[in-house]
Amino acid sequence: MDSFEQTAYAVVALVLVVPVLVRVPAVRAWVVRLVTSAVARLTPEPEVDQDALDLYEALRRERLLRDVARLHRVIATDEHMSAVRQIGNRMAYDRLLLDLSELRDVAPPTLVPSWAATWSRHEPGLSPAAPRTAPDLQYRPKVETLELGWRR
């Protein structure tokens, strides 16, 4: 027998024997682990582009700071809104502060303490302004959306 025949017999045996063996749960688990580890070893690990990561974090930090400033203004003037909406504003504000604190080298802004824990109308710099109620102007609430979490 030459090497070609041996290889052919081995391939035929594998084609006939492997499907029968794979039906056994222990063998199937072993094959899955073997294939998974082989694929993991053969797949190169992507290199981290530190500049792109820094740019992403800087852009995210700027966006979060803009949203915090906008919510700060909304909270300062939301006394005309319903209590549920006020609570929602404060929850969104706290979530933004938490996201900011999770960023690298960024501490939450110290403009206002957490609204859920200590909120007082007598904070310096927070003077809630009443909505415009001129006789010829009718107050229309503005619908605002705030994206929290990952984009879909």
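Neighbour counts of C-beta atoms inside 10 Å place R66, R104, R90 in the sequence R104, R66, R90, starting with the fewest.
If each residue's Cβ is checked for other Cβ atoms within 10 Å, how do E62, E57 rank with the fewest at the top? Write down the numbers at each step before the final one.
Values: E62 10, E57 14.
Starting with the residue having the fewest Cβ neighbours, the order is E62, E57.
Across region 55-68, computed HN-Hα scalar couplings (Karplus, 6.51 cos²θ - 1.76 cosθ + 1.60, θ = phi - 60°) run 5, 4, 5, 5, 5, 5, 4, 4, 5, 5, 5, 4, 5, 5 Hz from first to last residue, x flagging Gly and Pro.
Most tightly packed first, judged by the mean number of other beta-carbon atoms within 10 Å of their residues, the peptides 74-80, 92-98, 3-9, 25-31 read 92-98, 74-80, 25-31, 3-9. Taking only the Cα atoms of region 1-77, the ratio Rg/Rh comes out at 1.52, with Rh defined as the Kirkwood radius.
Between region 65-101 and region 7-48, the C-alpha centres lie 54 angstrom from each other. Computed from phi, the 3J(HN,Hα) profile of region 73-85 under the Karplus parametrisation 6.51, -1.76, 1.60 (θ = phi - 60°) reads 5, 5, 5, 5, 10, 9, 5, 7, 8, 5, 5, 5, 5 Hz, with x in place of Gly and Pro.
A cut-off of 5 Å between modelled amide H atoms, ignoring neighbours fewer than 5 places along the same chain, links L146 with no other residue.
Every number in this text was worked out from the coordinates using simple rules, so none of it is lab data. The structure presented is a predicted model; accordingly, all values stated were derived computationally and were not measured. Glycine gets a Cβ as well: all are built from the backbone with ideal geometry, and neighbour counts include every protein chain shown.
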